[in-house]
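Scroll down for the structure; my scribbles are underneath it.
The values are calculated or read from the model by the stated rules, or taken from the named source; none is laboratory data. Just so it is clear, the structure is predicted and the values come from calculations on it, not from any experiment. All Cβ positions, even for glycine, are placed from backbone atoms using ideal geometry, and neighbour counts span all protein chains on display.
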Amino acid sequence: MKVLVTGGLGYIGSHTCVQLIAAGYTPVVLDNLHNSKLGVVSHLKKILDQDVQYYVGDIRDRQLLQSIFAEHDIKAVIHFAGLKAVGESVEKPLEYYENNVYGTLALVQEMKAAGIKSIIFSSSATVYGDPEEIPIRETTATGATTNPYGRSKYMVEECLKDLHIADPDWSITLLRYFNPVGSHPSGLLGEDPQGIPNNLMPFIAQVAVGRREQLAVFGNDYPTKDGTGVRDYIHVMDLADGHIAALQHVSDKAGVHIYNLGTGTGTSVLEMVAAFSDACGHPIKYQICERRPGDIAECWADPSKAKADLKWQAQYGIAEMTADTWRWQSNYPNGFSD
Ligand code: NAD
Ligand code: UFG
């Protein structure tokens, strides 16, 4: 079964391609290399011992979509492509709405024209804003988003729900990721952020490998276990498997299927620093700084719906997330540029 994977050369998409092939699916990748490098392809080949078919192009290029759908018998689309930096989205809201919202509409319109009515969309815990309850369930209120990136995810969710109301044949799966971290256990594939990392784990990894001097811990006065922010970190391999589970259990069923993909466990910034020090064998230098505007104190998922319906649950803990990240970062200190 062929699956179109938009953004398939990016961080989560590339790991999902590995697991798709392991599960017997054939990914067809479409990526415009906005936030990824072609080098990913040779790393995928080393892991898989086979080629992954890919197109370098944009989800907004309707002619390209038409030709891909004409050439391949695509049964479902996993839609990762998009822009994801919260801070940048505040500076460049139009680019975010254009890529994330309009891009998804172009993709879905061309899917409709080609008679493909199954999409798995990369949503985010960001749609819950500052959540009204923890752990966060799929029924927890969404929409009080705090930045254009978050709003773009919320808008796409609402567009896709309306599409299903208009045409109930569609299978719409909204996967709300918590905090994806970690790398493929081979050390051949991982996150390769461009410029200064926005997120905690890649920043710690770059400190560990000597690319950056120290971590700034954004606040230690939150009402959390040790005062630092608490998040539900999920191993990217578990996240990838969540997409396979969605393909197997709901992508051929009409409906709107919404799942939190998280572990159900919260980890603080200082706990993550300690775990990474264990993984790399030396202390991670850090300094306590001001809170980062817009950050919430804590959030973690109630992942029980995914367990019940998709027969999926996260397997890996913080020790594997940090050890696998360290293997990737120490093998490839400069990411795919190496
Ligand atoms: P990523 O930036 O590594 O991957 C996205 C890929 O999409 C990149 O390879 C990029 O080149 C490509 N892309 C962007 N715009 C495109 C376009 N118009 N046409 C074709 N390709 C395009 O990001 P990721 O971490 O792998 O995230 C994948 C998806 O998951 C994104 O939609 C993101 O918003 C969502 N998500 C990520 C996180 C996270 O923390 N990583 C959390 C929640 C949700
Ligand atoms: N943090 C630091 N120092 C850093 C980076 C982060 O102390 O250099 C802290 C943050 O304050 C927060 C925690 O580490 O307490 C996690 O921060 P991340 O930036 O790694 O992750 P966020 O939870 O802030 O953001 C993530 C995704 C967003 C998404 C959001 C909600 O990156 O795309 O989850 O789902 F919108």
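Can we say GLU71 is surrounded by fewer than 23 Cβ atoms within 10 Å (Cβ to Cβ), within 17 Å of VAL29 (Cβ to Cβ) and modelled with pLDDT of 95 or more?
So GLU71 passes the test.
Kindly evaluate ASP309 against the criterion of being in contact (Cβ under 8 Å) with a residue 12 or more places away in the chain, out of contact with any Asp or Glu (no Cβ under 9 Å at 6 or more places or on another chain) and among the charged types (D, E, K, R).
yes
Among the candidates PRO193, PRO185, which residue alone is in contact with a helix residue (DSSP H, G or I) (Cβ under 9 Å, 6 or more places away or on another chain), within 16 Å of ligand 1 (Cβ to nearest atom) and of a type outside the set (A, V, I, L, M, F, W, C)?
Matching residue, one of PRO193, PRO185: PRO193.
Yes/no matrix, rows are residues, columns are (1) β-branched (Val, Ile, Thr); (2) part of a helix (DSSP H, G or I); (3) out of contact with any Phe, Trp or Tyr (no Cβ under 6 Å at 6 or more places or on another chain); (4) touching a residue at least 60 places away in the same chain (Cβ under 8 Å):
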site	(1), (2), (3), (4)
VAL5	yes, no, yes, yes
GLY8	no, no, yes, yes
SER14	no, yes, yes, yes
ILE21	yes, yes, yes, no
SER36	no, no, yes, yes
LEU44	no, yes, yes, yes
TYR55	no, no, yes, no
ASP58	no, no, yes, no
GLN66	no, yes, yes, no
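Going through segment 221-254 one residue at a time, which ones are away from ligand 1 (no atom under 14 Å from the Cβ) and in contact with a His (Cβ under 7 Å, 6 or more places away or on another chain)?
Selection gives VAL250 alone.
Of the residues GLY266, GLY281, only one is modelled with pLDDT of 95 or more, within 16 Å of ligand 2 (Cβ to nearest atom) and farther than 23 Å from ASP169 by Cα; which?
After applying the criteria, what remains is GLY266.
To keep it simple, each residue is scored yes or no on (1) modelled with pLDDT under 95; (2) under 26 Å from VAL217 (Cβ atoms); (3) of a type in the set (Asp, Glu); (4) within 10 Å of ligand 1 (Cβ to nearest atom).
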residue	(1), (2), (3), (4)
THR146	yes, yes, no, no
ARG151	no, no, no, no
ASP167	no, no, yes, no
MET201	no, yes, no, yes
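From the list PRO148, PRO131, which residue is of a type outside the set (Gly, Ala, Ser) and in contact with a Lys or Arg (Cβ under 9 Å, 6 or more places away or on another chain)?
Of PRO148, PRO131, the one residue that is of a type outside the set (Gly, Ala, Ser) and in contact with a Lys or Arg (Cβ under 9 Å, 6 or more places away or on another chain) is PRO148.
Going residue by residue through segment 180-191, is there one that turns out to be within 28 Å of PRO293 (Cα to Cα), within 18 Å of the chain's Cα centre (by Cα), within 9 Å of ligand 2 (Cβ to nearest atom) and in a strand (DSSP E or B)?
Yes, there is a match, as at least one residue in segment 180-191 is within 28 Å of PRO293 (Cα to Cα), within 18 Å of the chain's Cα centre (by Cα), within 9 Å of ligand 2 (Cβ to nearest atom) and in a strand (DSSP E or B).
In this structure, is ALA297 within 16 Å of ligand 2 (Cβ to nearest atom), over 28 Å from LEU9 (Cα atoms), in contact with a Phe, Trp or Tyr (Cβ under 6 Å, 6 or more places away or on another chain) and among the hydrophobic types (A, V, I, L, M, F, W, C)?
Yes, satisfied.
Can you tell me which of LEU38, LEU48 is surrounded by fewer than 24 Cβ atoms within 10 Å (Cβ to Cβ), out of contact with any helix residue (DSSP H, G or I) (no Cβ under 6 Å at 6 or more places or on another chain) and within 17 Å of LEU188 (Cα to Cα)?
Testing whether each residue is surrounded by fewer than 24 Cβ atoms within 10 Å (Cβ to Cβ), out of contact with any helix residue (DSSP H, G or I) (no Cβ under 6 Å at 6 or more places or on another chain) and within 17 Å of LEU188 (Cα to Cα) leaves just LEU38.
For MET201, work out the one condition from (1) in contact with a Phe, Trp or Tyr (Cβ under 8 Å, 6 or more places away or on another chain); (2) more than 11 Å from ligand 2 (Cβ to nearest atom); (3) of a type outside the set (Lys, Arg) it doesn't fulfil.
(2)
Taking the condition of being more than 8 Å from ligand 1 (Cβ to nearest atom), over 17 Å from HIS184 (Cβ atoms) and crowded, with 22+ Cβ neighbours inside 10 Å, how many residues in segment 4-24 meet it?
Within segment 4-24, residues that are more than 8 Å from ligand 1 (Cβ to nearest atom), over 17 Å from HIS184 (Cβ atoms) and crowded, with 22+ Cβ neighbours inside 10 Å number 1.
Would you check if there is a residue in segment 324-335 being of a type outside the set (D, E, K, R) and touching a strand residue (DSSP E or B) at 6+ places or on another chain (Cβ under 6 Å)?
Scanning segment 324-335, I find no residue that is of a type outside the set (D, E, K, R) and touching a strand residue (DSSP E or B) at 6+ places or on another chain (Cβ under 6 Å), so the answer is no.
Would you please list the contacts, defined by Cβ atoms under 6 Å and residues six or more apart or on different chains, that run from a residue in segment 111-132 that is closer than 30 Å to ASP295 by Cα to a residue that is within 14 Å of ligand 1 (Cβ to nearest atom) and acidic (Asp, Glu)?
SER123/GLU157
Filter segment 133-161 down to residues that are away from ligand 2 (no atom under 11 Å from the Cβ), in a loop (DSSP other than H, G, I, E, B) and buried (at least 19 other Cβ atoms within 10 Å of the Cβ), then give me how many there are.
Residues flagged as away from ligand 2 (no atom under 11 Å from the Cβ), in a loop (DSSP other than H, G, I, E, B) and buried (at least 19 other Cβ atoms within 10 Å of the Cβ) within segment 133-161 amount to 2.
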